[in-house]
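Below is one structure, written out as structure tokens; comments come after it.
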Amino acid sequence: MYATSALTPQLSASHSLSSNLSQPSHPLSLGFSFTFRETWKVFSPPTTSFSAQRVSLPHFSTLRVSATSQASPASTEASKVSSLPSEMKAWVYGEYGGVDVLKFENKVSVPELKEDQVLVKVVAAALNPVDFKRRQGKFKNTDSPLPTVPGYDVAGVVVKVGSQVKEFKEGDEVYGDIHEKALDGPKQSGSLAEYTAVEEKLLAPKPKNLGFAEAASLPLAIETAYEGLERTGFSSGKSILVLNGAGGVGSLVIQLAKQVFGASRVAATSSSGKLDFLKSLGADLAIDYTKENIEDLSEKFDVVYDAIGQCDKAVKVVKEGGSVVALTGAVTPPGFRFVVTSNGAVLKKLNPYLDSGKVKAVIDPKGLFPFSQVVEAFSYLETNRAKGKVVIHPIP
Ligand SMILES: NC(=O)c1ccc[n+]([C@@H]2O[C@H](COP(=O)([O-])OP(=O)(O)OC[C@H]3O[C@@H](n4cnc5c(N)ncnc54)[C@H](OP(=O)(O)O)[C@@H]3O)[C@@H](O)[C@H]2O)c1
């Protein structure tokens with residue numbers, strides 16, 4: 001299933017992102033033309049204080065906000081259970097809507113553990129389009145009750161383990177997508193908080209050579225990229241066209257197709273300014289969707305991976321007997337759509353590729369936001385222009 005690729009990694013490690021990370025990053029895990037220092041300059045520290053944004057939400061059931069107890073201290077020794085607070089800082093929304101429904105709270109109950117879960121001190125979290133679509137109420141029929149702490153992706157440190165947990169112990173550095181089913185009953189308490197509770201089967205050890213921000217950028221997007229490729233039966237020697245190669249998922253589809261599955265040829269679409277970026281990820285052909293219509297391509301592909309919602313066009317450039325997988329939008333046969341299932345085993349399989357730098361985390365040059373700027377981070381993601389991932393780091 002995992003073709004061991006003899007291909008040389010396509011990305012050059014020319015810049016360092018490690019200056020503001022809580023631990024050093026592997027040089028090979030970087031490689032894109034941006035630095036965290038630049039990011040901090042672009043997104044200067046917030047002027048809005050946490051306390052100014054605090055509101056009281058009326059109906060907290062399992063997700064409680066206390067009006068009386070002390071704010072939790074930031075945990076600097078995350079592995080010590082004895083230092084665990086009962087309350088934490090978290091971003092919360094109590095109604096569906098735009099970014100304005102997001103509120104900062106500093107007295108949210110630390111989630112209680114189930115026996116198969118670990119409690120993670122969150123160090124970094126990433127945003128995904130599903131976070132804002134969920135917040136907008138698009139999945140309200142299958143969502144958990146409000147209020148919600150958003151956030152699927154996490155990287156952090158295990159601070160407590162449930163009675164049935166076998167693999168992880170306090171102090172372990174882990175990462176994962178905390179919601180097993182993205183749309184079907186996701187947890188009420190997500191990763192945009194100081195602590196999050198997650199089943200151990202959804203987690204994997206954090207790749208040693210990646211910082212927390214890089215690790216947090218990966219789980220949902222890379223699991224989606226991998227599951228989609230598997231569902232198409234993608235394998236060594238096949239060709240693929242990725243629609244939206246520059247986004248969080250597409251940037252990893254390109255890399256996995258080339259470096260993990262052994263694609264013979266990878267084509268991908270983006271706007272004009274991101275064509276070099278697609279090439280740097282390993283694309284053999286970068287198509288400017290503002291100038292070329294993929295339906296006019298003379299070439300056809302074994303697989304078309306639609307990460308933008310153009311299945312009607314995608315089916316026109318697939319070879320006879322090939323596969324078209326769609327992540328969003330209407331499906332045109334023979335295309336099919338799936339919703340990612342979180343799975344720590346997939347991350348464990350991919351860890352060697354991440355540790356070696358063959359597959360790299362991609363954080364948007366303007367996409368690293370501190371915990372105080374979650375609203376700004378969502379606003380940026382919702383422009384639909386992010387290059388790679390939008391990450392929240394550090395989380396105190
Ligand atoms: N079904 C699932 O399980 C699943 C899982 C993950 C994601 N998704 C969905 O898949 C979609 C992509 O997710 P994502 O995280 O990759 O999104 P994303 O990171 O927000 O995508 C942003 C990118 O989209 C590109 N883009 C915008 N319009 C485009 C167009 N017409 N053609 C090609 N590229 C275009 C932009 O590049 P330019 O600036 O160059 O246009 C930008 O770099 C979302 O709708 C998400 O909800 C579904």
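Taken together, the values in this text are just the output of simple stated rules run on the coordinates, not laboratory data. Because the structure is predicted, anything quoted here is derived from the model rather than measured. No Cβ is skipped: glycine too gets one built from the backbone with ideal geometry, and neighbour counts run over all protein chains shown.
Okay, here's what the table says:
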item: Stokes-Einstein D (µm²/s) once Rh is taken as the Kirkwood radius of the stretch 220-337 over alpha-carbon pairs, at 20 °C in 1.002 mPa s; result: 159 µm²/s
item: Mean Cβ neighbour count within 10 Å, used as a protection proxy, ranking 136-147, 373-384 highest first; result: 373-384, 136-147
item: Orientation-averaged projected area, Cα convex hull of the stretch 292-334 (nm²); result: 2.7 nm²
item: Size of electric dipole in the stretch 220-377: Cβ of Lys, Arg +1 and of Asp, Glu -1, about Cα centre, debye, nearest 20; result: 320 debye
item: Among 360-366, 289-295, 323-329, the order from most to least packed when residues are scored by Cβ within 10 Å on average; result: 360-366, 323-329, 289-295
item: Lys, Arg +1 and Asp, Glu -1 on Cβ, resulting dipole of the stretch 135-179 about Cα centre, debye, nearest 20; result: 280 debye
